[in-house]
Amino acid sequence: MTSAGTTASSVLHDPVRAPRWYLWLLASVAVVVADQITKAAMLSAFRPGEFKSLTSFFTLVLSFNTGAAFSFLAGESGWQRWLFAGIAAAATLLIVWLLHRGRDAWYSLGLALILGGALGNLWDRLTMGAVVDFLLFHYRGWFFPAFNVADSAITAGAALLILDSFRHRHAKGGA
């Protein structure tokens, strides 16, 4: 028996723990593949700035973001490409290390989604110098900045990490 009443056998057969931590990378790969397929479809079907309204609040539009979230630093001369690429590379190493340490499914899936999103956008940055964005939500003159599948995965992953932190706080009897 190990601590907390678990056996060595149950730890080894738990798909979330270290012996199979690399399986979470498959979720990251799925995000990268979905992200790159949707971006390739947009690049082949639209010209930059071209759009197609699908509903009164949702439009597909091909745009390129040389900055980060909400076009942060997009107006700079190009140095930001390498800054954001470096941040993504460092985040990749950290996330893989955290996945290797293992934890529960919510935490691991959250990290895997963030990793896949970061890698999808990193690929764009390295190959095109900008991230392809194409999902645009709007309402009565208000427009949320265009985003992509990778951005959606990063957001969903962050939400899972936040929810996971509340679950652990609640389980420990915290406020």
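Some points to look at:
- For ILE154, the conditions (1) at pLDDT below 95; (2) surrounded by 11 or more Cβ atoms within 10 Å (Cβ to Cβ) all hold with the exception of (1).
- Criterion (surrounded by fewer than 16 Cβ atoms within 10 Å (Cβ to Cβ) and basic (Lys, Arg)) met by exactly one of ARG140, ARG125: ARG140
- Matching residues in segment 9-36 - criterion: being at pLDDT below 80 and either in contact with a Phe, Trp or Tyr (Cβ under 6 Å, 6 or more places away or on another chain) or closer than 16 Å to LEU160 by Cβ (or both): VAL16
- Qualifying residue in segment 39-50 (condition: under 30 Å from TYR107 (Cβ atoms) and either at pLDDT 90 or above or in contact with a Gly (Cβ under 6 Å, 6 or more places away or on another chain) (or both)): yes
- Consider segment 108-146 and keep the residues that are among the aromatic types (Phe, Trp, Tyr) and not in a loop (DSSP other than H, G, I, E, B). The one that is nearest to ILE87 (Cα to Cα) is TRP123.
- Taking the criterion of being without any contact (Cβ under 8 Å) to a residue 24 or more places away in the chain and surrounded by 13 or more Cβ atoms within 10 Å (Cβ to Cβ), the residues of segment 23-44 that qualify are LEU23, VAL33.
- Residue ID - surrounded by the fewest Cβ atoms within 10 Å (Cβ to Cβ), chosen from residues in segment 83-105 that are touching a Lys or Arg at 6+ places or on another chain (Cβ under 7 Å) and in a helix (DSSP H, G or I): ALA85
The values are calculated or read from the model by the stated rules, or taken from the named source; none is laboratory data. Please read these numbers as outputs of a predicted model, since none were measured by experiment. Positions of Cβ are backbone-derived with ideal geometry, glycine not excepted, and every protein chain shown enters the neighbour counts.
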